[in-house]
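Everything on this sheet refers to the single structure shown next.
The values are calculated or read from the model by the stated rules, or taken from the named source; none is laboratory data. Predicted model only: the values in this text are computed from it and were never measured. All Cβ positions, glycine included, derive from the backbone under ideal geometry; neighbour counts span all protein chains shown.
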Amino acid sequence: MINDIQKDAETRMKKSLDALRQEFSKIRTGRAHTSLLDHIRVPYYGDDVPLSQVASVSIAEARMLAVTPWEKNMVPVVEKALAASDLGINPSTNGGVIRIVLPPLTEERRRDLVKVVRAEAEAARVAIRNIRRDANGDFKSLLKEKEITEDDERRAEDAMQKLTDKYTGEADQMLADKETELMAI
């Protein structure tokens, strides 16, 4: 019983860190990387589909991405979706290839991105603490139903706290790494 609850909590904590990692990958640091466009959706025959399903994305230069739609008629649609995105980019079309030049980040924009990164990390830490709270509630329920002893509950809560500390520490490390990456020129 206790082991099942702990394994479930650990799995959920890992998923929280994965979600944080994914959110961090969307925040640009001035260098071009293809995951920057992963969240962009494009209208395609009545449905909104991910950009990766209608075009290939590649790195043309250090600060330039090249998006090549697989169908010629999709070029203006993809370009419009890129321009409307929250990334603040200005795509330019050259034949069948859409080029996206990433401007260098200003100091002010870097500081704004650090605030966003800190908020994302705090959300991940809160999610991890909520998982701990849920698991501790499950332990208390087992104690109430007399399925475990008070000593077992205390040991399980201590183990859950160590697990929580481990994963919040990983989130803090990811935050520190991303802040360093953002503030580097």
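Annotations for the structure displayed:
- Hits in the stretch 7-58 - residues which are part of a helix (DSSP H, G or I) and farther than 24 Å from Arg129 by Cβ: Thr34, Ser35, Leu36, Leu37, Leu51, Ser52, Gln53
- Test result for Glu145, modelled with pLDDT of 90 or more and either touching a Ser or Thr at 6+ places or on another chain (Cβ under 7 Å) or on the phi < 0 side of the Ramachandran plot (or both): yes
Yes/no per residue for (1) closer than 20 Å to Met13 by Cβ; (2) at pLDDT 90 or above:
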{"residue": "Ala84", "(1), (2)": "no, no"}
{"residue": "Leu105", "(1), (2)": "no, no"}
{"residue": "Thr149", "(1), (2)": "no, yes"}
{"residue": "Asp158", "(1), (2)": "yes, yes"}
{"residue": "Gln161", "(1), (2)": "yes, yes"}
{"residue": "Met174", "(1), (2)": "yes, yes"}
{"residue": "Ala184", "(1), (2)": "no, no"}
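- Just so you know, in the stretch 84-96 the residues that are free of Cβ contacts under 8 Å to residues at least 24 places away in the same chain and not in a loop (DSSP other than H, G, I, E, B) include one that is surrounded by the most Cβ atoms within 10 Å (Cβ to Cβ), and it is Thr93.
- Some residue of the stretch 121-129 being without any contact (Cβ under 8 Å) to a residue 24 or more places away in the chain, farther than 30 Å from Met13 by Cα and either surrounded by 17 or more Cβ atoms within 10 Å (Cβ to Cβ) or not β-branched (Val, Ile, Thr) (or both): no
- Here Ala81 does not fit the description of being over 25 Å from Glu170 (Cβ atoms), part of a strand (DSSP E or B) and aliphatic (A, V, I, L, M).
- Condition check for Arg12 on (1) surrounded by 13 or more Cβ atoms within 10 Å (Cβ to Cβ); (2) farther than 25 Å from Arg111 by Cβ; (3) free of Cβ contacts under 8 Å to residues at least 24 places away in the same chain: one failure, at (3).
- Look at (1) exposed (fewer than 13 other Cβ atoms within 10 Å of the Cβ); (2) part of a strand (DSSP E or B); (3) of a type outside the set (A, V, I, L, M, F, W, C) and you find that Arg99 fails only one, number (1).
- Residue under evaluation Glu61, criteria (1) surrounded by 14 or more Cβ atoms within 10 Å (Cβ to Cβ); (2) touching a residue at least 24 places away in the same chain (Cβ under 8 Å), criterion not met: (1)
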